[in-house]
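Note sheet for the following structure.
Bear in mind these aren't lab numbers, they're just calculated from the coordinates by the rules spelled out. Fair warning: this is a prediction, and the values are worked out from it, not measured in the lab. Note that each Cβ is placed from the backbone with ideal geometry, even for glycine, and that neighbours are counted across all protein chains shown.
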């Protein structure tokens with residue numbers, strides 16, 4: 001399947017715009033600004049869109065202007081015409097020159113997104129950044145060209161940040177890593193597995209490219225040996241990036257957690273210093289077997305044999321170090337009131353990202369004790385406890401006694417908090 005030529009005629013452009021309105025996901029990607037970005041290579045300018053949309057005014061709906069900026073508002077087909085119109089344009093025998101080849105256009109839109117991700121300037125576009133995986137994952141029959149493009153997506157390119165403000169830099173870096181790995185890569189991985197189960201031939205190791213990042217770890221390329229303090233700071237940043245936060249998933253307050261972990265790990269280096277040091281590091285996908293085999297919580301960074309200035313980062317070993325650094329806070333009664341909900345949820349997230357190991361079970365007990373002592377609501381606690389129970393289920397049967405005790409503790413904890421919630425509700429209605 002080939003992509004569109006570098007020049008599109010007037011009727012072709014109209015069909016491409018219409019296909020974008022029909023096929024792109026909601027909540028951002030169907031805005032005039034984003035459509036202009038997709039078709040900019042073909043000479044399309046945003047001021048031309050008003051004229052194009054005017055010709056389709058009987059079949060499309062645009063979000064009211066009082067809700068959003070003119071060129072950021074969502075565009076979609078009118079509800080009254082959606083079913084009959086899509087049936088018409090997807091059926092070539094009915095639509096003739098207005099036929100929209102769903103496979104071709106969905107591949108084309110995904111292809112354009114991946115092309116834009118290769119551009120240093122365009123990949124900073126927030127709509128593209130948050131939605132490229134969703135746009136790829138709605139393709140029912142991906143072309144080999146599209147799959148080949150996915151093989152060229154590199155982790156370091158997607159998490160890079162263009163900011164001179166050290167505080168803003170780290171917030172955006174963590175946000176980028178979180179969105180890329182926890183949201184986009186998980187979406188792509190699930191989609192590729194679905195395609196493989198449907199018999200689609202995938203490039204070798206493509207699923208593994210995006211799957212199990214936390215378990216496999218990642219690679220970094222550095223021009224010199226990393227200062228231990230910079231290594232530990234990088235570890236903190238990576239750990240915070242995988243946490244599930246009780247505040248907004250896009251813009252949580254990371255500075256408190258960074259400061260807290262730096263204090264616990266006895267780090268006093270400045271943000272400017274670490275930013276300049278880490279900017280010289282290239283983050284890459286792990287494509288080796290270094291992450292497999294025996295687990296050593298002290299071995300966070302190890303050189304790649306036969307490579308120059310290339311290191312394997314064991315994220316799980318790093319998580320174990322973070323858990324140790326937080327253990328004192330979690331166990332201390334005097335510091336209980338300073339333990340934020342984000343910290344508790346961070347430990348839960350860190351645990352469930354680790355391969356089940358016996359030495360991690362004490363941390364599980366500690367955080368459950370803390371949850372039992374914290375008063376008030378903890379955001380999405382049930383979801384986190386369900387994930388923790390599933391994680392305990394994945395332990396080898398040799399550890400059944402230990403895990404069964406913890407799973408029972410979780411059930412009792414949930415029941416206790418449900419009873420407290422019911423009591424608070426009853427009292428508030430009096």
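Peptides 193-204, 31-42, 170-181, ordered by how many other C-beta atoms sit within 10 Å of their residues on average, highest first, read 170-181, 31-42, 193-204.
Of the peptides 349-359, 406-416, the ranking by mean beta-carbon count within 10 Å, highest at the top, reads 349-359, 406-416. The fewest-to-most ranking of 94, 183, 136 by surrounding Cβ atoms within 10 Å reads 94, 183, 136. The listed peptides 150-156, 314-320, ordered by packing as a protection proxy, come out as 314-320, 150-156 (highest mean of other Cβ atoms within 10 Å first).
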